[in-house]
Ligand SMILES: [Zn+2]
């Protein structure tokens, strides 16, 4: 059995612009900043409705405490996610 070149050409021609769309916009890319791990001082995962980032009360936003170096409450970020607007 021989491969007919004209059939291959037809197969190519039967895809009008099917692969012409840009494949650059891939959903589900990983935003590095929005996915940081929860720290012990966090009251909710980052991005939770009704919460917001606040300055870590333990280190005052520096991310460092004198006794231990990196602040364990915020894990050195200087910020914690806390509930806002509520009681
Ligand atoms: Zn802290």
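Here is how the numbers come out for the structure above:
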quantity: Qualifying residue in region 1-17 (condition: at pLDDT 65 or above, surrounded by 12 or more Cβ atoms within 10 Å (Cβ to Cβ) and outside any loop (DSSP other than H, G, I, E, B)); calculated: no
quantity: Complete set of residues in region 54-87 that are more than 7 Å from the ligand (Cβ to nearest atom), more than 12 Å from residue 40 (Cβ to Cβ) and either touching a residue at least 24 places away in the same chain (Cβ under 8 Å) or under 22 Å from the mean Cα position of the chain (by Cα) (or both); calculated: 54, 55, 79, 82, 83, 84, 85, 86
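The values are calculated or read from the model by the stated rules, or taken from the named source; none is laboratory data. Treat the numbers as computed from the prediction; the structure is a model and nothing was measured. Positions of Cβ are generated from backbone atoms using ideal geometry, with glycine treated the same way; all protein chains shown enter the neighbour counts.
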